[in-house]
1. Any idea which residue in segment 689-715 is surrounded by the fewest Cβ atoms within 10 Å (Cβ to Cβ), counting only those that are in contact with a helix residue (DSSP H, G or I) (Cβ under 8 Å, 6 or more places away or on another chain) and under 13 Å from R741 (Cα atoms)?
2. Within segment 268-313, can you find the residues that are part of a loop (DSSP other than H, G, I, E, B) and within 19 Å of D331 (Cα to Cα)?
3. Quick one: which of A634, A627 is assigned by TED's automatic domain parsing to the domain that holds P484, touching a Phe, Trp or Tyr at 6+ places or on another chain (Cβ under 8 Å), surrounded by 18 or more Cβ atoms within 10 Å (Cβ to Cβ) and in a helix (DSSP H, G or I)?
4. Counting only residues that are polar (S, T, N, Q) and in contact (Cβ under 8 Å) with a residue 60 or more places away in the chain, which one in segment 35-66 is surrounded by the fewest Cβ atoms within 10 Å (Cβ to Cβ)?
5. Tally up the residues in segment 6-18 that are surrounded by fewer than 20 Cβ atoms within 10 Å (Cβ to Cβ) and at pLDDT below 95, please.
6. Going by the conditions given, is W675 more than 30 Å from G742 (Cα to Cα) and of a type in the set (F, W, Y)?
7. Report the residue count in segment 637-684 for those that are closer than 24 Å to L820 by Cβ and either assigned to a loop (DSSP other than H, G, I, E, B) or in contact with a helix residue (DSSP H, G or I) (Cβ under 8 Å, 6 or more places away or on another chain) (or both).
8. Out of the residues in segment 418-474 that are at pLDDT below 85 and among the polar types (S, T, N, Q), state the one that is farthest from L361 (Cα to Cα).
Amino acid sequence: MSALPASGDGERVHALLTDGTTMCIRPAGPDDQEAVLRLYRGMSDANLRLRFFTVSRRSGEQAAARIAEPAPPGHRALVATHGGRIIGITEYETSGEGVGTAEIALAVDDGWHHRGVGTLLLEHLVSAARAHGIRAFTADALAENHEVLKVFADLGLRTARHFEGPEVHCTIPLEETEDYLTSVEGRGQAADLASLTPLLRPRSAVVVGAGRRPGSVGRAVLRKLSTGGFTGRLFAVNPNVSTILGVHAYPSVGALPLVPDLAVIAVPAGDVPQVAEECGKHGVRALLVVSAGLDARQAAALLAVCRSHDMRLVGPNCLGLANTEETVRLDATFAAAHPEPGTAGVAVQSGGVGIALLGGLERLGIGVSSFVSLGDKYDVSGNDLLQWWESDGRTDLALLHLESFGNPRAFSRTARRVTRRMPILTVDAGRTEAGRRAAASHTAAAATTTITRRALFAQAGITATRTVPELLEAAALLHSQPLPTGGRVAVVTNAGGVGVLTADACAEAGLSLPPLAPGLVDDLRGVLPPGASPGNPVDATAAVSEEQLRACVDRLAAHDGIDAVLVTLVPTAVAAATGDVLVTALTRAPGRRSRTVAAVLLDQEAPVRLLPSDTGQVPAYADPQAAARALGHAVERARRLARPPGTVPDLDGVDTPRAHAVVARYLEHTPDGGWLDPRTCAELLGCYGIPQLPWVWAQTEDEAVLAAQRLRGPGGLVVLKAYWPGLIHKTIEHAIHLDLRGDAQVRAAFRDFDVRFGHLMTGAVVQPLARRGTELLAGVVQDEVFGPLVLFGLGGTATEVLADQAARLAPLTDHDVHDLVTSPRCAPLLFGGDGTGPVDLPGLEQLLLRLSQMASDLPQLAEADLNPVLARPESVTTLDARVRLLPRRAHDPYLRRLR
């Protein structure tokens, strides 16, 4: 299910009020006149006076009549409806106070005050206004109208007030500030939690479709609910029996003795919408649909029913959900066993992955706080669950398996906040080349599904693993051990060769094995048996005893130069050093170790297990690679937590209004969009201060010669590039001539183009030959789901062959741009690794930040490909650029709305 456009764009959307009620927001139209009139007629005299500054009913009639008229330019009205009835209206109209300013009005039904209707309407009005170039709202209110003044003040936008007698004139700038986004998030989270409570903490539940036949899904869910100790009242719906599995059964939902909070639907796909409608009419607040096989019509009907009756929905086609809280004990799944209570929150799309995760956590002894199988994810998503776990007071570890993202940018903001409180781990599904899309430019060719998802996970601080076993390996360490403060690892082993393998695994995971300090080496010699080698790895030999090994580990764990200790043990024939005995050295310690400690037990059958110890638990892995990967994930999380959240820098020299004008002018003449010609491309890049090598446009041979004479630098050489609409890769088409010296060579090059491309070519670009430097690629792709993605890496003709790029989602923060520059394999060249000295790193970061802002400002920017970008110690310059525009409208990813 894809996110809907903003309501101000002519579409209806649904959003949650503070109490979890679902409200529909849509543009007002002529057919709404009578409904708006009923809204105003239902207002008390006091509220009517606060709205119109008079108690005359004529004002309400005039306002309703205005809705029936064709909307004048600069006017927009949105209504909020519930159950088909208008419960609120807001509108703006551009005023004469200045360009980009509009006056607003707001009215809410008397019976719906203090539920967030007005605030939610204003959020949508703000989004619609921004999309149409309005930069500020103004509003007049009576000074005694404390409620509406509080609504304005609580929006999160900076509000200026000017008092004039009994009235207040408010001015509200509409910049999308961090304060505003944080305020919107806070309101959204409160509403989300209220709507999820009947789903995850129901006081009563009913299973619709629980049959008498053993093996049916509905019967299995009912058994799990009844045997799992559900603390609420439990019912079944079956018209043919009075009890099922000892649970009272009724012929229909409407016949139940009370209205259940949660209904579990396990009926054939064709019956699901009808059953959901019955639940909604009876007042059920949440649905769990385990049924599969709904077609598009049935799916649309199910979601429409949920929206119209204020019901949140998990599924369809899912394994179910569970909440192990002692006051709830809800297990509405058809998994084989009840989940053990604990602190790990689990959300999956695939039921099979869910079963694997639950089984793996059970083997590790890690209990579950709540489990939700999202299935086809029509409504409740991973974002909802992250917000629930952030606030449930129990969850301290989040495990996700998401195959799709409805709103990745909103998910990223939520995850950035939540992951600072608890680890979020995910399986990075869909990494194959099947996700690669056809693309025209180098940038788009590099923007695979894999690189986009990895960018999302990296920026959000999510620990992304490749497999379910790897996720469980990382979860075991993060659940049981303190985070390492760095990546310095000491390896201890009772077999030297195995220690070498462990050292290799650590290096491959990005960890380091520093030499041990002389004092520490002497200390270790004193506690280890004769013949031990106290280097790093520490070879304690097969003769090491439990006491000696524990003393060695304790000394390493207490040393300031070590962040983590990895102990690799193999069984030997030496009686004092059998595996079982040595393991106790790790689980019995005189005091709680402050460093991360993990073990590799090469003879154990389980891939990973948690060993109970005197001070907690120690993770034990079956091979060194698994242990090193888990340590690497922990180190990366510690690094992210150690630095403050990033900020999006303010850039000087940016002319956004001019950029919008350039785009509008181009799309007016080319409505279907396309690749910009060199002059328009340069103008657009210039709006954002992106440095470009000087160039001149030439349409004739003589113009090319004159341009070359003007542009020749100290070397006297120029470059000639042919151009025609649709040309992307000049090198492949042999549409470029380098190292041209003198007028004769320029003329010959132009004539060559004319002979080969005369029927296509509209002109040529003449540039001075650039001095040598590091050739890089910087680009942007607008992903339909994820938004703008900024790519950076090695450029030139080898871009696609070497595929050395990194990516981050725009807008880039200062941390994002640093990570972007340092992530590609070519990064050492930028820092002077080849002996030539570092390139202009601040200039490079500025170029990427400006590219990011251009992509964020312009939704029409489908692709931008700057290749090559020449980086030298004194400057960063774009040598060639291509930009493609498409007629797209802005999409507000942070606007509160349901899927």
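The values are calculated or read from the model by the stated rules, or taken from the named source; none is laboratory data. Since we're looking at a predicted model, the values are computed, not measured. No Cβ is skipped: glycine too gets one built from the backbone with ideal geometry, and neighbour counts run over all protein chains shown.
1. Out of the qualifying residues, it is Q709.
2. Our first condition is that a residue be part of a loop (DSSP other than H, G, I, E, B); within segment 268-313, this holds for 268, 283-285, 290-295, 309-311.
Across segment 268-313, the qualifying residues are V284, R285, V290, S291.
3. On the way: A634 fails: touching a Phe, Trp or Tyr at 6+ places or on another chain (Cβ under 8 Å).
Exactly one of A634, A627 is assigned by TED's automatic domain parsing to the domain that holds P484, touching a Phe, Trp or Tyr at 6+ places or on another chain (Cβ under 8 Å), surrounded by 18 or more Cβ atoms within 10 Å (Cβ to Cβ) and in a helix (DSSP H, G or I), namely A627.
4. Start the filter on segment 35-66 by keeping residues that are polar (S, T, N, Q), which leaves 44, 47, 54, 56, 59, 62.
With in contact (Cβ under 8 Å) with a residue 60 or more places away in the chain added as a condition, the list becomes 44, 47.
Working: S44: 10, N47: 19.
Applying the filter and picking the extreme gives S44.
5. Residues meeting the conditions: 4.
6. yes
7. 16
8. S441
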